[in-house]
Amino acid sequence: MRRLAGLAAVLSMIVLSGCKSQHPSAIKLDPDFDAGRVGTILVLPVISSITKAEDPARESETLSGRILWDQLSGREDYSFLSPEQFRLAVNRAGLGTRLHEFNDTWIRSHVLHDDLLGALHSLNVDIILVPQVYLWQKDEADYRETATASATQVGITLSMVDPMTGKIVWEATDENYKEAVRTEGERIQASTGGTGGIDGIDRRISGKTMSGKDVYAAPPFDDVALLVLQSLVGAIPEKVINRD
């Protein structure tokens, strides 16, 4: 009987490990890309395909941009030029009024406009990093309903583009979510990211609401964007220098 119980436990662990969400959810790498040859990376302002009706304050751009730069600051293997330096180069080339056009080209075709690439040659960078937000959503559940929870979802893609050819040499995509704090009997439990309990982290907080149900709004966007961008920035290929 003990042997059977042990076998069942092992099988359960295998099944659960197979169900874990992968972060980032997808990575594409050009086989000819050599991170060791990359010294300077220009970081573009965040491009958001979220409509203004869904995101009138453009938080998908501003919040994601701030968090991305904070995460990149922890990478010491590359030198990063800020989005502000990108804007200065575009304005010097007289293309400042066409930024919306360039963003639309990226969203529609996933390529950087030729005029934009030409304007950035003066910066003499090795790679252009293009961040795009494609998912920025809050599902606000009615706390009076059972088995419901408010949740926030964020999806972002980071693309590394060769400034000379316009070719994408590395790209990673990730999505994650966070649920509002929920009550369970005399406990309050918060599920963070992943698949809620399998890949996520459960926090238990003492306390109980009067209704015994979810009375909390969806978590803030920056909490979820941080989960996504930590995963994406961590997946950027490490620069290995050949000292031979």
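The values are calculated or read from the model by the stated rules, or taken from the named source; none is laboratory data. Note that the coordinates shown come from a computational prediction; the quantities given were computed from them, not determined experimentally. Glycine gets a Cβ as well: all are built from the backbone with ideal geometry, and neighbour counts include every protein chain shown. Side chains included, ligands, DNA and RNA excluded: accessible areas come from the protein's heavy atoms. Shrake-Rupley method; radii C 1.70, N 1.55, O 1.52, S 1.80 Å.
The figures follow:
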item	result
Conditions (1) open to solvent by 30 Å² or more (accessible area, probe 1.4 Å); (2) without any contact (Cβ under 8 Å) to a residue 24 or more places away in the chain; (3) under 20 Å from residue 65 (Cα atoms); number of the one not met by residue 102	(1)
Boolean, residue 134 is closer than 28 Å to residue 178 by Cα, aromatic (Phe, Trp, Tyr) and modelled with pLDDT under 95	no
Near pairs, Cβ below 9 angstrom, 6+ apart or cross-chain, from region 216-227 (in contact (Cβ under 8 Å) with a residue 12 or more places away in the chain) to any residue that is among the aliphatic types (A, V, I, L, M) and part of a helix (DSSP H, G or I)	220/63; 221/63; 222/63; 222/67; 225/63; 225/67; 225/68; 226/67
Among (1) at pLDDT 95 or above; (2) open to solvent by 40 Å² or more (accessible area, probe 1.4 Å); (3) farther than 20 Å from residue 232 by Cα, the one test that residue 145 misses	(1)
Qualifying residue in region 157-167 (condition: open to solvent by 40 Å² or more (accessible area, probe 1.4 Å), modelled with pLDDT of 55 or more, within 13 Å of the chain's Cα centre (by Cα) and of a type in the set (S, T, N, Q))	no
Subset of region 65-99 (residues that are surrounded by 14 or more Cβ atoms within 10 Å (Cβ to Cβ), over 24 Å from residue 223 (Cα atoms) and among the hydroxyl-bearing types (Ser, Thr, Tyr))	78
Odd one out for residue 56, checked against (1) open to solvent by less than 80 Å² (accessible area, probe 1.4 Å); (2) not in a helix (DSSP H, G or I)	(1)
Meets criteria (open to solvent by 50 Å² or more (accessible area, probe 1.4 Å) and not in a helix (DSSP H, G or I)) for residue 137	yes
Subset of region 73-108 (residues that are among the polar types (S, T, N, Q) and either in contact with an Asp or Glu (Cβ under 7 Å, 6 or more places away or on another chain) or under 28 Å from residue 234 (Cβ atoms) (or both))	73, 79, 82, 85, 103
Region 1-50, subset within 18 Å of residue 225 (Cα to Cα) and exposed (fewer than 13 other Cβ atoms within 10 Å of the Cβ), residue modelled with the lowest pLDDT	22
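Conditions (1) in a loop (DSSP other than H, G, I, E, B); (2) out of contact with any Phe, Trp or Tyr (no Cβ under 7 Å at 6 or more places or on another chain); (3) in contact (Cβ under 8 Å) with a residue 40 or more places away in the chain, marked per residue:
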{"position": "90", "(1), (2), (3)": "no, yes, no"}
{"position": "117", "(1), (2), (3)": "no, yes, yes"}
{"position": "122", "(1), (2), (3)": "no, yes, no"}
{"position": "153", "(1), (2), (3)": "no, no, yes"}
{"position": "158", "(1), (2), (3)": "no, yes, yes"}
